[in-house]
Amino acid sequence: MATVKDTSKWKFETKQVHIGQENPDAAFGARAVPIYQSTAYVFEDTAQAAGRFALAVGGNIYSRLTNPTQGVLEERIAALEGGAAALAVASGAAALTYTFQALARDGGHIVSQSTIYGGTYNLLKHTLPSFGIHTTFVDTETADFGLAGIEAAIQPNTKAIFVETLGNPNSNVVDFEALAKIAHSHGIVLVVDATFTPPNLINTIEYGVDIVVHSGTKFLNGHGTGLAGLIVEAGKFDWKASGKYPHLVEPNVSYHGVPFADAVGPAAFVTYIRAILLRDTGAAVAPLNAFLLLQGIETLSLRVERHLENTFKVLDYLRTQPKVKAIHHPAFKSEPSHELYKKYFPKGAGSIFTFEYDGNEEETKAFIDRLEIFSLLANVADAKSLVIHPASTTHSQLNEAELKEQYIYPNTVRLSIGIESADDLIADLDQSFKG
Ligand SMILES: Cc1ncc(COP(=O)(O)O)c(C=O)c1O
């Protein structure tokens, strides 16, 4: 499978293995991918209908399972990440939920980095335990970036190690290669949430990651116009040899007795989610949102270049500001994960980061309220610059001790640097600091 790095030179040339879909580009000769705003698909006759339901004949049945616009998005994200197959769903949260459910199921256990998106922390800490999935959180801001702690937390029922490529919100980095070795030596998978690092910056599959999840709502869409989530499967993990995931290997009674690992090989994981979890619980991506992601991906590499150019200008400015007590960005030598950052992100990364305002919570919030160009909202990686106070918003479900564990303080400000003029952004920050 070809891996495409520069999305502005996109050429569609890949095919992935999953329940059959046609490529609408080819069918219509259209350069833009059509939006298939259709719930269901006409069968030629009852034989074809039965064949499709029995998986003997490829093709669409119903948009809760597949949709041609979604299918193109899945092929493109799989190609961009260098994976074997992908599945698009309604949101990043749905992508993570399905991933954890498909791996751990009732009685399973996850080992997760503690410095992650507040919503994912909630899901793992409070919601999934009521479905029998438990998580041990490990601090990766240690001398060995959590490696010993993560290995020590693995139990006989552990099904996955989970980390973010750049932790939300502090943009800390972990050692993907070392974590993949630990995961594989225990017969389990390494899952990364790569939302903060689009595939033109890093392909973690090259370092041994087995499953890559994205909130497509962020960089891939790029304009804050639609939710979507993506699950990309590397296609290299041996589900059979592992012995930890019988539901992916044994015949599935609710799906014609299909043994997914045998039936679809490198697409076993995403096909299991599509055929079982998506079929039964239905967090399907809207065709329009799939189209908006496809459009966003066409400008991804150009936007990311500008996001980073602006980020480094803003960082240079912030480091000179007396009202800035500390900046948490791995590009700084003083940050613990700086060496890992250089190794994994030679092109740079991290247009979302935090700094500590030199003041109390009220003064920090007043600084945020004075900003004019930065939009105060709960999203990141938008073409527009964004700001938020994590402790009282995105991470507000965390108690005081949990916030400290995640290095989020009352004076923490999260910025997401957009693609406007850097001079305008700096002028906005400047007027607010002086305010
Ligand atoms: C790192 C990360 N993962 C997942 C999500 C959830 O994505 P969505 O909002 O698309 O459900 C978010 C949302 O902010 C996020 O920051």
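Numbers at a glance
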| read-out | value |
| --- | --- |
| Sites residue 48 and residue 126, calculated FRET efficiency, Cβ-Cβ separation with R0 41 Å, nearest 0.05 | 0.35 |
| Relative contact order (%) - the chain, alpha-carbon pairs under 8 angstrom, separation at least six | 17 percent |
| Size of segment 301-434 as Cα extents on the principal axes (Å, biggest first) | 36, 32, 27 |
| 61, 188, ranked by accessible area, largest first (probe 1.4 Å) | 61, 188 |
| Antiparallel bridge percentage (DSSP; both residues within the chain; nearest 5) | 55 percent |
| Burial order of peptide ranges 406-419, 328-341 (average beta-carbon count within 10 Å, highest first) | 406-419, 328-341 |
| Positive-end residue of 286, 49, 327, charge dipole of the chain with Cβ unit charges | 49 |
| Simple label model, 7 Å out from Cα along Cβ direction - residue 319 to residue 37, nm | 5.0 nm |
| Solvent-accessible area per residue, Å², over the chain with all protein chains present [probe radius 1.4 Å] | 38 Å² |
| Ranked by how many other beta carbons lie within 10 Å on average, peptides 44-53, 349-358, 255-264, 425-434 from highest | 349-358, 255-264, 425-434, 44-53 |
| Segment 176-311, relative contact order in percent, only Cα pairs under 8 angstrom and at least six apart counted | 21 percent |
| FRET efficiency, residue 56 to residue 376 (Cβ-Cβ, R0 45 Å, nearest 0.05) | 0.25 |
| Burial ranking of peptide ranges 315-321, 273-279 (average Cβ count within 10 Å, highest at the top) | 273-279, 315-321 |
| Once the Cα gyration tensor of the chain is diagonalised, semi-axes √(5λ) in Å | 37, 26, 18 |
| Reference-scaled alpha-carbon Rg (2.2 N^0.38 Å with N residues) for segment 74-138 | 1.22 |
| Rough spin-label spacing in nm, given labels placed 7 Å along Cα→Cβ, for residue 143 and residue 206 | 3.1 nm |
| Spin-label pair residue 402/residue 338, simplified geometry with 7 Å Cα→Cβ offset, distance in nm | 3.3 nm |
| Set 218/342; 181/404; 325/384; 323/434 screened for pairs whose C-alpha atoms are more than 20 Å apart | 218/342; 181/404; 325/384 |
| Residue among 130, 302, 40 farthest towards the positive dipole end of the chain, charges placed on Cβ | 40 |
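The values are calculated or read from the model by the stated rules, or taken from the named source; none is laboratory data. Note that the structure is a prediction, hence the values are computed from the model and not measured. Cβ sites come from the backbone with ideal geometry, for glycine too, and all protein chains shown count toward neighbours. SASA here: full protein model, heavy atoms, side chains in, ligands and nucleic acids out. Shrake-Rupley method; radii C 1.70, N 1.55, O 1.52, S 1.80 Å.
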